[in-house]
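Student: One structure, as C-alpha cells, below. Some questions next.
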Amino acid sequence: MSTINSFGIDLGTSNIKIFSEESKSIFVERNMIAIENKRNLLAYGDSAYAMYEKSPSNIVASYPVCNGVIADIQNMETLVKYFINDLSKGGMKMSDYYVAVPTDVTEVEKKAFYDLIKESSVKARKIMVVEKAIADGLGLGIDVKTSQGVMVINVGYATTEISILSLGGIVLSRLIKVGGFKFGESVRNAIRKEYSLLIGEKTAEKTLESLYELEINRQPALVFGRDIVSGLPIEREIPTKLIDEALIENFATIIDNIKVILERTPPELGADIRRQGIYLTGGASQISRLASLIERATDLKVNVPEEPITTVALGLAKVIKDDKFNSLAYYIEGMGR
Ligand SMILES: Nc1ncnc2c1ncn2[C@@H]1O[C@H](COP(=O)(O)OP(=O)(O)OP(=O)(O)O)[C@@H](O)[C@H]1O
Ligand SMILES: [Mg+2]
C-alpha cells in the first residue's frame, strides 16, 4: 500500500463528497456542523443535519459553505479535519488533496479552497485545484481533453453552474444562485400563502425529492407543518400541481441562463453540443420535469447520469488515478508549494 493517500473533495453547499484513493470510494455527508454554546462541537455531517431546525437556541446547526463558496472558514476547517480523520481509519497519513472549485467566482474565493486544506491540519503534501465543471465532465465519462463543445449544467443546493467545455478547458461558465434551496423556498412560500401553513426546510426538501414518484403515482404530497391561524401542528395533503406551479419561476431562470450561454457559444462548439446534447448533473437536477423542460426549451437532448450527486467527485478520482488527466489539476497562482 502506498504511503501517500490522495483525496478528491467536492465541497458542496449541502453535501460534501470526498473520494479517497485508498478506500476507492466516495463518501457523501451533509456539509453541516452543530455547535453548542457558541464553542463546543456537538455534531457534524449527517448527525448535525438531524438536529437542524430542531435544536434549542444554544445549539446552532449551520452550513459553512454558502452559494458554493466558503463562508464560515473556521467551521469548514473543523469539518474537513473531522471528515478526513474519519476516512483515515488507520490514522491520518500525508496526502495529496484535489479540490474542485467553481469557475465563475473571484480569485480570492478560489484561493480560499486552497487555504482551507492548508489550515485544516490534515497533513497535506500537495494541494491542487480542478475546475468543478471539468471534473463533472470527467465523472460523466467524457474525455474532456479531446472532446469539443460539451455543455454541463450542475444543479446543486444553492447554485446552478452552466459551463461549456472544450479541449480540457472552460470556454464559458456562469454560476447562478438557483438550486434545491430556492426550489424549497418557493414551495414553502406557496404552501404558506395557499394554506396558511408553515413548513420547514427539511420537509420541503423531502417533498421535492419525492415529487417525481408522487406524480407518477398521482398522489398528493403529505406535509407536516404549523397552521398559522390556530398555531397548531397539522398534517395536510398538498396537490403536486401547486408545487409544480411554485417551481416554474426557478426553472425559467435556469432555462433563460442556459439560452444566454448557448447564444454566446461559438458556432462550431454549438454544433458539437447539438450532436451530443446537454449533460445535467447535481442532486437537484433530478427534480421532476426539469430535464424535460430544458429539452423542450432548447430543442436539445438532455443526458442524465445515474448518480448526479457524485459526478464531480468521480471526475476528481479520474484526475487522481489516470495520468492522462492529472494535468487538469493545477496550483493556484500565488499559492506556495
Ligand atoms: N431525487 C431528487 N429530486 C430532487 N432533488 C434532489 C433529489 N436528490 C437530491 N436532491 C437535491 O439535491 C440537492 C443537493 O445536491 P448536491 O449535493 O449536488 O448539492 P451541493 O453540491 O451540496 O450544492 P452546490 O453545488 O450548490 O454547492 C439538495 O437540494 C437535494 O434536495
Ligand atoms: Mg455541488
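The values are calculated or read from the model by the stated rules, or taken from the named source; none is laboratory data. Keep in mind the model is a prediction, meaning the values are calculated, not measured. Every residue, glycine as well, gets a Cβ built from its backbone with ideal geometry; the counts of neighbours run over all protein chains shown.
Student: Among the residues of the stretch 21-48, how many are among the hydroxyl-bearing types (S, T, Y) and in contact (Cβ under 8 Å) with a residue 60 or more places away in the chain? Give the derivation first.
Tutor: From the stretch 21-48, those among the hydroxyl-bearing types (S, T, Y) are 23, 25, 44, 47; that's our starting set.
Within this subset, residues satisfying the condition of being in contact (Cβ under 8 Å) with a residue 60 or more places away in the chain are 23.
Qualifying residue count, the stretch 21-48: 1.
Student: Here's another thing I want to ask about it. Given the criterion outside the structural domain of E201 (by TED's automatic domain parsing), touching an Asp or Glu at 6+ places or on another chain (Cβ under 8 Å), of a type in the set (K, R) and farther than 27 Å from D322 by Cα, identify the matching residue among R39, R30.
Tutor: Result: R30 is the single residue among R39, R30 that is outside the structural domain of E201 (by TED's automatic domain parsing), touching an Asp or Glu at 6+ places or on another chain (Cβ under 8 Å), of a type in the set (K, R) and farther than 27 Å from D322 by Cα.
Student: Within the group L87, L79, which residue is surrounded by fewer than 20 Cβ atoms within 10 Å (Cβ to Cβ) and at pLDDT 95 or above?
Tutor: Going through L87, L79 in turn, the sole match is L87.
Student: So, of the residues in the stretch 112-140 that are away from ligand 1 (no atom under 16 Å from the Cβ) and among the basic types (K, R), which turns out to be surrounded by the fewest Cβ atoms within 10 Å (Cβ to Cβ)?
Tutor: If we take residues in the stretch 112-140 being away from ligand 1 (no atom under 16 Å from the Cβ) and among the basic types (K, R), then R125 is surrounded by the fewest Cβ atoms within 10 Å (Cβ to Cβ).
Student: Is one or more of the residues making up the stretch 167-188 surrounded by 18 or more Cβ atoms within 10 Å (Cβ to Cβ), free of Cβ contacts under 8 Å to residues at least 24 places away in the same chain and β-branched (V, I, T)?
Tutor: No, because not a single residue in the stretch 167-188 is surrounded by 18 or more Cβ atoms within 10 Å (Cβ to Cβ), free of Cβ contacts under 8 Å to residues at least 24 places away in the same chain and β-branched (V, I, T).
Student: Among the candidates G315, G282, which residue alone is outside the structural domain of E263 (by TED's automatic domain parsing) and either within 16 Å of ligand 1 (Cβ to nearest atom) or under 14 Å from the mean Cα position of the chain (by Cα) (or both)?
Tutor: Unique residue meeting the criteria: G315.
Conditions (1) within 23 Å of Y157 (Cα to Cα); (2) within 16 Å of ligand 1 (Cβ to nearest atom), marked per residue:
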position	(1), (2)
G184	yes, yes
I199	yes, yes
A204	yes, yes
L214	yes, yes
F224	yes, no
D227	no, no
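Student: A further question on this structure: Need the failing condition index for E77 against (1) more than 20 Å from P102 (Cβ to Cβ); (2) in contact with an Asp or Glu (Cβ under 7 Å, 6 or more places away or on another chain), just the number.
Tutor: (1)
Student: Ok, one more. Can you work out which of the residues in the stretch 229-244 that are surrounded by 15 or more Cβ atoms within 10 Å (Cβ to Cβ) and β-branched (V, I, T) is nearest to ligand 1 (Cβ to nearest atom)?
Tutor: So, considering only residues that are surrounded by 15 or more Cβ atoms within 10 Å (Cβ to Cβ) and β-branched (V, I, T), the one nearest to ligand 1 (Cβ to nearest atom) is I243.
Student: Please specify each residue of the stretch 141-163 satisfying the condition of being crowded, with 21+ Cβ neighbours inside 10 Å and in a loop (DSSP other than H, G, I, E, B).
Tutor: V144, G149, G156, Y157, A158, T159
Student: Just one of D72, D86, D96, D104 is within 14 Å of ligand 2 (Cβ to nearest atom) and not polar (S, T, N, Q); which is it?
Tutor: Values: D72 fails: within 14 Å of ligand 2 (Cβ to nearest atom); D86 fails: within 14 Å of ligand 2 (Cβ to nearest atom); D96 fails: within 14 Å of ligand 2 (Cβ to nearest atom).
Result: D104 is the single residue among D72, D86, D96, D104 that is within 14 Å of ligand 2 (Cβ to nearest atom) and not polar (S, T, N, Q).
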